[in-house]
Amino acid sequence: MAPLAGGEANLGPRASFTRHMVMISNDRLLRIFAYANHEQVRDSIAKLLTRLHKEGKLSTLPGFEHVTPPSDGEFNPRHLPPREDHKPKDLPVGTKVCIVGAGMAGLYSALILDHLGVPYDILEAADRPGGRILTHYFSTRKHDYYDIGAMRFPNIPPMERTYDLFKRTNVPLVTYHLTGPNTPKRYNGITIFPQNGEFPVKGDPFRVSESNGGSVPDDKIDTLSSVLENAFRLLREAIKKGDEEAFEMFKECDDFTVRDYLEQKVTGTQFKLKNACRSYVQERLTLSSATGQFDAAFTEAVMDSVAFDYWEDIEEEWKSVEGGTSLVTEALIDMIRTKPRYNKRVTRMAIDRKAESNDMMLVHTNYDEEPIRYATIINTTTLACLQRVDTDDLELSPTVKIATRTLQYDSSTKVAIKFESPWWITKFGITGGGVANTDLPIRVCVYPSYNIHDNVNNPAILLCTYTWSQDATRIGSLVNLDSPRGEEELKGLMLYNLARLHSNNDNFDEVYAMIKRSYITHHGFDWAMDDYSSGAFAFFGPGQFRSLYPHLVRPAADSRFHIVGEAASANHAWIVGSLESAYRGVWNFLERFHCYDLQEKMVKEFGTIPELEIGEEGFAHLLVLLGMLTPQQLARPEKTVVKEVTG
Ligand SMILES: Cc1cc2nc3c(=O)[nH]c(=O)nc-3n(C[C@H](O)[C@H](O)[C@H](O)COP(=O)(O)OP(=O)(O)OC[C@H]3O[C@@H](n4cnc5c(N)ncnc54)[C@H](O)[C@@H]3O)c2cc1C
């Protein structure tokens, strides 16, 4: 994702307020983050239990016979009914799991199931594994590639599972430089290269102030960067005091877009910043790296910062996979026992309640093929792809259907160019990776870190543009599915704008000619146009985290259907979200069949995940119990409508 606090380093994929959050203690922030997830889920479970109890149903529902309701009938999210002591069971003979999709979530589910000795199939719509892990290789020469999907990974506690996967797959890692020396910025037609490693911190170099015809009051131009920090003060103070209050604020903020929050929430009497905030938004709209992201949820922006909160201290700890992230996929494919079945697009999933055996789940592929039966389905597709599957007989709750349809995804487009030589290193001294930000259509140019030590006389790759949101849609309209074929306009736009980014009026012609001479070929990719994802990654809108996320993580269809994948995770938009959600899917599958011994085995090898509270006092068992209820059991009893008799 793109940094909202633009003009700073590009901190994607979901960066935003990082710089302003560094004041918050990392541990506290992580705690509130996990706490917020748990509370959302706990809240929704408590509400449902309370309703079922009030309707007099609870004790009659399978699994809830021994649940003692609180004396006032209101279930407390923090004291949910504990997990009952069941005898551990073996998995019923013949149990087979269907994993839909061979991306990170699918392959990781397979890895865990292999360890537990549970049989599975992987049905993959595409003719390749990896999903949104995709490396384009221009040739087999070293470093002659770019990562179209995931490409950089901060080595911080929330990403631990990703690094554990790197270890398991034994892929080579190389330092990824978020910032590097001599990277330019260009806004309002003005290119600035840093002087002695610094950009001017005062004044109005890009002319956004009123006296330069912009919208920022002249007297605010030097203080604007502190406005956002002030905006966070309330939340920060609450976090310092304790989790509960912070969570309440989190909940309150969830309904705001970033723009709303800045313009309304922090402009009350406490801060008296209304004008400054407006100006700030205006200024940031110009200097940000992705047009449109001020309209995402404010909490999304806060959560983004979890990864980047560590950034200042441990920049060196960002890594990428040397040779491309696809190496992880290749290694996983080698490791898992059952290889994916390709060109198997799942088109219908259903539960057959009349089935007499354990394989009650029906999976149809490619519309007309014979359905295959399984005991459980772990679905890893994006929600856009799930929306295209017939799920009428899958007993999904209406809220899950709403989530599938409405949960917001961001777009992202990348275009990489192969040049005769790395002219940005030899001519501009951009020797250590990093990014350039601009308001030109290319918006963000990434100087790769993996090729900085290569021979400068050899061809080199530049990620000419990495865009999100509306910027991505616009560049994406020039990208063809068989890129680079028929992309003269895209090629022209890229080369011309690279020249503008690296020049001013006086030397544009010279720079443009040099860049054109050096061009060999290019490749572009627009994730919104990808048949197998139809979007880049989840980027929740206001209110969606609170209202939709708790429903997405609850199983359905007798708790035999599990939605996992990047979007169904609090860490969405990162590989780690896919991995953690896959863990949840397998865990809940085992819970459904009371396979506690296998759960123990899973914990021993794969640890636990922060977003699922397991154990007696946790909520995982309740998600599964509630997921086993039929839609009829969950429905409200019909109200008797008394008609008024007139006359
Ligand atoms: C541009 C971009 C940049 C990113 N950058 C980073 C980064 O730097 N660091 C990071 O950690 N993460 C990053 N991410 C996120 C990361 O790539 C994803 O979170 C992760 O790869 C998603 O994996 P998944 O298994 O959840 O979903 P997917 O990879 O989408 O896997 C789902 C699979 O399901 C298949 N499928 C779809 N429909 C069907 C169907 N009907 N039947 C059968 N199969 C189907 C698809 O073909 C696909 O293989 C980035 C993502 C993008 C798009």
Fill in the blank from the handout: Note on region 339-398: residues of a type in the set (A, V, I, L, M) and under 24 Å from the mean Cα position of the chain (by Cα) are V346, I377, I378, L383, A384, L386, V389, L396
Fill in the blank from the handout: Subset of region 461-492, residues more than 26 Å from the chain's Cα centre (by Cα) and more than 26 Å from S421 (Cβ to Cβ), comes to D482, G486
Exercise for the section: Could you look through region 585-606, keep only residues that are open to solvent by less than 10 Å² (accessible area, probe 1.4 Å) and in contact with a strand residue (DSSP E or B) (Cβ under 9 Å, 6 or more places away or on another chain), and pick out the one that is nearest to the ligand (Cβ to nearest atom)? Expected result: G585
Fill in the blank from the handout: Residue pairs within 8 Å by beta carbon, gap of at least six or interchain, first lying in region 149-177 and on the phi > 0 side of the Ramachandran plot, second of a type in the set (A, V, I, L, M, F, W, C), listed first then second, are N170/A331
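Every residue, every condition in (1) in contact (Cβ under 8 Å) with a residue 40 or more places away in the chain; (2) within 16 Å of the ligand (Cβ to nearest atom); (3) surrounded by 12 or more Cβ atoms within 10 Å (Cβ to Cβ), yes or no:
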site: P70; (1), (2), (3): no, no, yes
site: K89; (1), (2), (3): yes, no, yes
site: P92; (1), (2), (3): yes, no, yes
site: M104; (1), (2), (3): yes, yes, yes
site: D114; (1), (2), (3): yes, no, yes
site: P119; (1), (2), (3): yes, no, yes
site: L134; (1), (2), (3): yes, yes, yes
site: D144; (1), (2), (3): yes, no, yes
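Step by step: first the residues of region 513-534, then only those that are of a type outside the set (A, V, I, L, M, F, W, C) and assigned to a strand (DSSP E or B), then the one that is farthest from I425 (Cα to Cα). Which residue is that? Even if it seems obvious, please write down each step before you answer.
The initial filter retains those residues of region 513-534 that are of a type outside the set (A, V, I, L, M, F, W, C), namely 516-519, 521-524, 526, 530-534.
Filter again for assigned to a strand (DSSP E or B), leaving 519, 521-524, 526.
Numbers: Y519: 15, T521: 19, H522: 19, H523: 21, G524: 23, D526: 27 Å.
The residue in question is D526.
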Fill in the blank from the handout: Within region 34-62, the residues that are of a type outside the set (D, E, K, R) and either at pLDDT below 90 or open to solvent by 40 Å² or more (accessible area, probe 1.4 Å) (or both) are A34, Y35, A36, N37, H38, Q40, V41, H53, G56, S59, T60, P62
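Let's see how each residue does on (1) in contact with a strand residue (DSSP E or B) (Cβ under 9 Å, 6 or more places away or on another chain); (2) open to solvent by less than 10 Å² (accessible area, probe 1.4 Å); (3) not assigned by TED's automatic domain parsing to the domain that holds E487:
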position	(1), (2), (3)
A536	yes, yes, yes
R546	no, no, yes
P550	no, yes, yes
A557	yes, yes, yes
F561	yes, yes, yes
V564	yes, yes, yes
S569	yes, yes, yes
H572	yes, yes, yes
Handout entry: Segments classed as strands (runs of 3 or more DSSP E), wholly inside region 325-377, with at least 2 members that are surrounded by 20 or more Cβ atoms within 10 Å (Cβ to Cβ) and not hydroxyl-bearing (S, T, Y)
Key = 346-351, 361-365
Handout entry: Among the candidates P82, P77, residue that is more than 16 Å from the ligand (Cβ to nearest atom) and either within 18 Å of M628 (Cα to Cα) or part of a helix (DSSP H, G or I) (or both)
Key = P82
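Criterion first (open to solvent by 50 Å² or more (accessible area, probe 1.4 Å) and either hydroxyl-bearing (S, T, Y) or within 16 Å of the ligand (Cβ to nearest atom) (or both)) does T406 satisfy it? Can you show your working first?
Details: open to solvent by 50 Å² or more (accessible area, probe 1.4 Å): yes; either hydroxyl-bearing (S, T, Y) or within 16 Å of the ligand (Cβ to nearest atom) (or both): yes.
Considered against the rule, which asks whether it is open to solvent by 50 Å² or more (accessible area, probe 1.4 Å) and either hydroxyl-bearing (S, T, Y) or within 16 Å of the ligand (Cβ to nearest atom) (or both), T406 comes out as yes.
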Exercise for the section: Would you please list the contacts, defined by Cβ atoms under 6 Å and residues six or more apart or on different chains, that run from a residue in region 380-400 that is part of a helix (DSSP H, G or I) to a residue that is within 10 Å of the ligand (Cβ to nearest atom) and open to solvent by 20 Å² or more (accessible area, probe 1.4 Å)? Expected result: A384/S534
Practice task
Could you check how many residues of region 535-581 are among the aliphatic types (A, V, I, L, M), more than 8 Å from the ligand (Cβ to nearest atom) and assigned to a loop (DSSP other than H, G, I, E, B)?
Solution key: 3
Handout entry: Condition broken by F153, with the remaining ones in (1) of a type outside the set (D, E, K, R); (2) at pLDDT below 95; (3) more than 8 Å from the ligand (Cβ to nearest atom) satisfied
Key = (3)
Handout entry: Residue list for region 597-624, filter: within 22 Å of I377 (Cβ to Cβ) and hydroxyl-bearing (S, T, Y)
Key = none
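The values are calculated or read from the model by the stated rules, or taken from the named source; none is laboratory data. Here the structure is a predicted model, which means the values were calculated and not measured. Virtual Cβ from ideal backbone geometry, glycine too; neighbours counted across all protein chains shown. Surface areas here come from the heavy atoms of the whole protein model, side chains and all, with no ligands, DNA or RNA. Shrake-Rupley method; radii C 1.70, N 1.55, O 1.52, S 1.80 Å.
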